[in-house]
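Trainee: Here you go, one structure.
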Amino acid sequence: MASKTIEKAYFIFLLLLPFVHFSFVIDPVLIPRQLYLSAFILVVVLLLFAQKNLQFLPFKNPIYLAIGSYLLLALLSFYDNPFTSESHYVLSKQLVLFSFLIVTIHSLYNKLITVNLIVKACVGIGIIAIVGAYYHLIEKTIDGEKIVRRVGLIKSFFANKNLLASVIFLCFPFFFMGLIQSKKVKTVAIVGITSALPMLLLLGTRTVFLAVLVFALVVLSYYLKNRFGIRKRFIGLASILLLILIAFLYQSTKISEIHDIKDKSTIKQYIDRISNEKTWVSRTQFWDNSIAMWKENPILGVGLGNWQVEFPKYGLNQFGVFSIVNGTETLQRPHNDFLNILCENGILGLLVYVFLFGWMYYQLFVLIRGTKDTEQWNYIYILAGLSGYIVISFFDFPMERIEHQIILMLFFAIITSGYYNQKNMQPESEMGKNVLKYLVLTISIYSIIVTSFRFKGEMETVKMYVAKANGQWDETLHQANKAENYFYKVDLTSIPIAWYQGLASFNLNETAESVTHFEEAYQIAPYQIQVLNNLASSYNFLGDRQKAIQYYQKALEISTDFEEARLNLASVYYNEKQYDKAFDVIEKFNIDNKNKRYITYLIPILAKKINAILIQENDSELSAYLAKKITKGNQLYKLYYVAKKNNNSFETEVLALKKDIEK
C-alpha cells in the first residue's frame, strides 16, 4: 500500500511542480518550490519508514562519499568566513536536493517507483512549460507587443525566458525516452519535441542552442556507431570540429549579409538579439572578478551564499553599465555554476563536484555498454541531456533553480539505481538505514524551517518595496522590521533589510537610529556601495565628517564612477574648507553626466578654485577681467566645460584668458 502511495506521490509532485507559483513574494517560484520539495521529501521519508525489507546502498559508495565530502568542505569554509542567513538558505537547498537524490535512488532501486513513471511525469513537465510559453506568446501578441523584440515577456511558469528554455531542454531526454513507450505517451512526446523546437528558436537562448547541438551530436554519434560501426573517437573528433566551425561561422556572420528578403526588420531584430555580444562581454567581466575572489580564497572559498557579498570588493568600474557602477543594479551570481562553486567552496569543493559528474559519466558508459536496444537508448538520451546541462552550467545558473536541480537529480538517480541494480552488493545494515532515514527527515525539517521564514520575509519585503516607492517611510520601516528574521536578512537584490530600515529612519529624521541600521547593513554587506554611501551620509548629518569621508572613500575605491558618493565626498570636503580636495574629487566626473545635482555642487567649488588661482597669480588685470566676464554660475560652468572638452586643466583655461586681455 505504501509503495503505491509513494508512486502516486512522485507522479503528482512532479506534475504539479511547474504550478507552484506565488506572485506575492519577490521570486514567485524559487522559495515556494524549495518549500514544496522539502514537504514532499518529508512525506516520502515518512512513507519509507513504513516499508519493510528495503535494500539501501552501502554508505561506502562513491556517490555518498562525494556528497559527504562536498558538504563537509562547504562547512569547513565557514571557519574563516561568516555563516549568514544566505549561507543557511544555500546550505538548506543543497541538503534537500541531495536528500531528494538519495530518496529517489532508493525508491528506484527498491522498485517503489519506475523509470517509466519518471519519464511520463517529466514529459508532463515539458508539455506544461511549452503550453505556458505558447499561452504567453499568444497573450502578448494579442496585447500588441512586438514579441521578437520583447521575447523576455515569455516566461511560462518560470522566472525568465532563459530558465524556461533550459527547462524545456532538460525535458528532451524524457521526450525521446517517451518515444519508445505506450502509444499515448509516444504521441505526447512527439508533440513535445515538435512544439519545443520552434519555441526554443523564438526564445533565442544561445546557451540552450549550444546544449541542443551537443545533445544532437551525442545521440548522432551513438546512432552512427551502432548503425555503421564508426568508432566513437572519430565521431568525437568530427563533433569537436563541427562545433569549432559553427562558432567560426557565428562570429563571421554579419546581418548585412542577409539578402533577398523584402522585410528584414523582424529578422534583423532577431539576429541582432542572438548575435549581441554584450552579454558575453559582461559574463567574462563577472568571471574576472570571480577569479580574483577565488585567488584570495583558493582552498575552501568564501563560504556558501557569500559570492554576492564579496563580488563588489573586486571593483565595479570595468562593467561600464551605469546601474552597476552606481549600485542600483546588483549581482547575485557569476552566471557559471562551476565558477560559483570554485568561489564559494574553493578548489577542493569544485574537484569533488566535478568528481560527482565524472562518476555519473562512468556509470553511464558502463550501463550503455552493458545494455541493449530500448534500455541502452534511454541511457544515451540521459547522457546527451547531462552533457547539455553541463554546457548550460558554464554560462548560466541552473544550480540555483529548484526545477532544474530536480531534473538533474532524476538523471543522477536513474543512472545510479540502474548501475547498482547490475551489481551484487552487501546492503546497508538496519542501523545504517535508520540513520539515513532520520538524516533525510532532519534535513527536510531544517529546509522547511529556513524556507518558511524566508517565504514570510519575502512577503513582507514586497510590501516594503511598495511603501518605499510611495515615500511612506513609517510603513517602509514597519514592513522592513516584519521582513527581517534570522534566516532572512538580505533581499534578492543582495541589499540587507537593515539598509531599508536605515533609509526609512533617515527619512523620518531619526538619524541616530539610521546609523545603527546602516552599521548593521555594513556588517552584512561591507562592499555594497549604496550601504557605504548612506552610512557615510548619516555620519555626515551627525557632524562626524571624518567617518563620512572614510566611508565615501571606501565606496569610491570599489566604484570610482559612483556619482552619489563622489558628489557627497566633494560636498564634505567643501564644508570642511578643503577646497582643493573638493575640486580634485568632483573633477573626476564625466562632464557629460546627467546627474541633476552635479552643476549645483560644481559651481561653488569652481568659484573657490578660480579664487585660489587668482590669488596665486596675483594678477589684478586678470582678476578685473574675470569679475566682468563671469558674473553668473552658468558662465563659470561654461568655462570649466570648455576646459574639459579641450582636455585642458581648469587652471590652464583660466590663465589662457590673459590673451583676451592683451587683445
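The values are calculated or read from the model by the stated rules, or taken from the named source; none is laboratory data. Predicted, not measured: the structure shown is a model, and the values here were computed from it. Cβ atoms come from the backbone with ideal geometry, glycine included; neighbour counts cover every protein chain shown. All accessible areas refer to the heavy atoms of the entire protein, side chains included, with ligands and DNA or RNA removed. Shrake-Rupley method; radii C 1.70, N 1.55, O 1.52, S 1.80 Å.
Trainee: With helices defined as uninterrupted DSSP H runs, which ones in the chain have an alpha carbon span along their own long axis of at least 27 Å and mean Kyte-Doolittle hydropathy of at least 1.0? Mind dumping the intermediate values first?
Mentor: Numbers: long enough: 30-49 (29 Å, 2.19); 85-109 (36 Å, 0.86); 115-142 (40 Å, 1.47); 183-203 (30 Å, 1.44); 206-228 (32 Å, 1.37); 232-252 (30 Å, 1.66); 278-296 (28 Å, -0.88); 337-370 (38 Å, 1.29); 373-395 (34 Å, 0.67); 402-421 (28 Å, 1.06); 430-469 (58 Å, 0.45); 598-617 (28 Å, 0.94).
In the chain, the long hydrophobic H runs are 30-49, 115-142, 183-203, 206-228, 232-252, 337-370, 402-421.
Trainee: Roughly how many Å² of Lys120 are accessible to a 1.4 Å probe, to the nearest 10?
Mentor: 90
Trainee: Could you give the dipole magnitude of the chain about its Cα centre, charging the beta-carbon of Lys and Arg +1 and that of Asp and Glu -1, in debye to the nearest 20? Show your work: numbers first, answer last.
Mentor: Values: 66 positive and 52 negative charges, 483 e Å.
Roughly 2320 debye, rounded to the nearest 20.
Trainee: Using alpha carbons only, how many angstrom separate the centre of segment 321-390 from the centre of segment 412-483?
Mentor: What the calculation gives is 21 Å, centre to centre.
Trainee: Ranked highest first by the average count of other Cβ atoms within 10 Å around their residues, in what order do 530-542, 192-204, 629-641 fall?
Mentor: On the way: 530-542: 23.8, 192-204: 17.9, 629-641: 15.2.
Result, highest mean Cβ count within 10 Å first: 530-542, 192-204, 629-641.
Trainee: Answer with one residue from Gly301, Leu535, Tyr522: the one whose Cα lies farthest towards the positive end of the charge dipole of the chain, charges on Cβ with Lys, Arg +1 and Asp, Glu -1.
Mentor: Gly301
Trainee: Going by Cα centres, segment 1-74 and segment 101-130 are how many Å apart?
Mentor: 12
Trainee: When all protein chains stay in place, what accessible area (Å², nearest 10, 1.4 Å probe) is found for Thr493?
Mentor: Using a 1.4 Å probe on the heavy atoms, I get roughly 60 Å².
Trainee: Another one. Only one of the listed values, (i) 33.3; (ii) 37.7; (iii) 46.3, was derived from the coordinates as mean projected area of the Cα convex hull in nm²; which label is it?
Mentor: Only one option fits the structure, namely (ii).
Trainee: Shifting gears a bit: Set Lys and Arg Cβ to +1 and Asp and Glu Cβ to -1, take the dipole of the chain about its Cα centre, and tell me which of Phe650, Ala133, Asn340 lies farthest positive.
Mentor: Ala133
Trainee: Another one. Place the peptides 52-60, 213-221, 99-107 in order of packing, highest mean first, counting for every residue the other Cβ atoms within 10 Å and averaging per peptide. Walk me through the intermediate numbers first.
Mentor: Values: 52-60: 13.3, 213-221: 18.6, 99-107: 24.7.
Peptide ranking by packing, descending: 99-107, 213-221, 52-60.
Trainee: Same structure, new question: How big is the charge dipole of segment 134-207 about its Cα centre, in debye rounded to the nearest 20, if each Lys and Arg gets +1 on its Cβ and each Asp and Glu gets -1 on its Cβ? Don't skip to the answer; put the middle values down first.
Mentor: Values: 10 positive and 3 negative charges, 21 e Å.
With Lys and Arg at +1 and Asp and Glu at -1, about 100 debye.
Trainee: What accessible area, in Å² to the nearest ten, does a 1.4 Å probe give for Lys225?
Mentor: 80
Trainee: Something else now. So, for the chain, what is the accessible surface per residue at a probe of 1.4 Å, expressed in square angstrom?
Mentor: Details: 30510 Å² over 663 residues.
That works out to 46 Å² per residue.
Trainee: In the neighborhood of Pro298, defined by Cβ-to-Cβ distances under 13 Å, what is the net charge if each Lys or Arg adds +1 and each Asp or Glu adds -1?
Mentor: On the way: positive: Lys295; negative: Asp80, Glu296, Glu344.
Once positives and negatives cancel, what remains is -2.
Trainee: Given the pairs Lys93/Lys433; Lys93/Lys184; Lys8/Lys433; Lys120/Lys155, which are separated by over 26 angstrom at their Cα positions? Intermediate results must be reported in sequence, preceding the final value.
Mentor: On the way: Lys93/Lys433 23 Å; Lys93/Lys184 35 Å; Lys8/Lys433 23 Å; Lys120/Lys155 23 Å.
Over 26 Å Cα-Cα: Lys93/Lys184.
Trainee: Further, regarding this structure: Whole angstrom only: what separates the Cα centroid of segment 529-606 from the Cα centroid of segment 623-663?
Mentor: So the separation of the two Cα centres works out to 25 Å.
Trainee: Using +1 at the C-beta of Lys and Arg and -1 at the C-beta of Asp and Glu, which of Gly178, Ala624, Ser77 has the Cα lying farthest in the positive direction of the dipole of the chain?
Mentor: Result: Gly178.
Trainee: Given charges of +1 on the Cβ of Lys and Arg and -1 on the Cβ of Asp and Glu, with all other atoms neutral, how large is the dipole of segment 432-490 about its Cα centre, in debye to the nearest 20? Numbers along the way, then the final one.
Mentor: On the way: 8 positive and 5 negative charges, 78 e Å.
Result for segment 432-490 is approximately 380 debye, rounded to the nearest 20.
Trainee: Which net charge results when you count Lys and Arg as +1 and Asp and Glu as -1 among the other residues whose beta-carbon is under 13 Å from that of Trp473?
Mentor: On the way: positive: Lys468; negative: Asp474, Glu475, Glu510, Glu513.
Residues close to Trp473 contribute a combined charge of -3.
Trainee: If I compute solvent accessible area with a 1.4 Å probe over the protein chains, what percent of it on the chain is carbon and sulfur?
Mentor: On the way: 18330 of 30510 Å².
Carbon plus sulfur share of accessible area: 60 percent.
Trainee: Here is a follow-up. Using amide H atoms built 1.01 Å from N in the peptide plane, name the residues 5+ places from Val490, or on other chains, whose amide H lies under 5 Å from its own.
Mentor: Ile497
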